Amino acid sequence: MTKLTIDIIRTFRLRTRQYIDCDHYGDFPCFEVYLPSGIILNGQHESKGELIDNHWLIGLGGHIEIDTKEELEELISMNKDETFKSIEKEYPNFNREHYS
């Protein structure tokens, strides 16, 4: 498995948005990744392009946590319904209506 980095994420040529998240702990460089299914993943990174926050991208209220290139490839290949079904297997109480 290949650890996910900013450079690897960029190779997928997905739409992204970078911003600074300011809170009482400091300023953190953050980004959003827009998947073809319409799902948005969030992450933080350090100046060297390494992901922080336990090295993952998160989405759908924390129901998606990925930290490898292979997991991102799989998620990109899925449509929204397939993604929701996958989440529902792991989280039976997941409410897809909240994210539709």
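The values are calculated or read from the model by the stated rules, or taken from the named source; none is laboratory data. Note that the coordinates shown come from a computational prediction; the quantities given were computed from them, not determined experimentally. Ideal geometry is used to build each Cβ from the backbone, glycine not excepted, and the neighbour counts take in all protein chains shown.
Quick notes on this one:
- Failed item in (1) over 28 Å from Asn93 (Cα atoms); (2) modelled with pLDDT under 90, with Thr11 passing the rest: (2)
- Members of the stretch 59-100 that are in a loop (DSSP other than H, G, I, E, B) and among the charged types (D, E, K, R): Asp67
- Every residue from the stretch 74-100 that is without any contact (Cβ under 8 Å) to a residue 12 or more places away in the chain and within 15 Å of Leu41 (Cβ to Cβ): Glu74, Ser77, Ser86
- Scanning the stretch 61-70 for residues that are surrounded by 15 or more Cβ atoms within 10 Å (Cβ to Cβ) and either over 11 Å from Ser86 (Cβ atoms) or polar (S, T, N, Q) (or both) yields Glu65, Ile66, Asp67, Thr68, Lys69.
- Top-ranked residue in the stretch 14-28 [being over 20 Å from Lys69 (Cα atoms), among the charged types (D, E, K, R) and at pLDDT 70 or above; ranked as surrounded by the fewest Cβ atoms within 10 Å (Cβ to Cβ)]: Asp27
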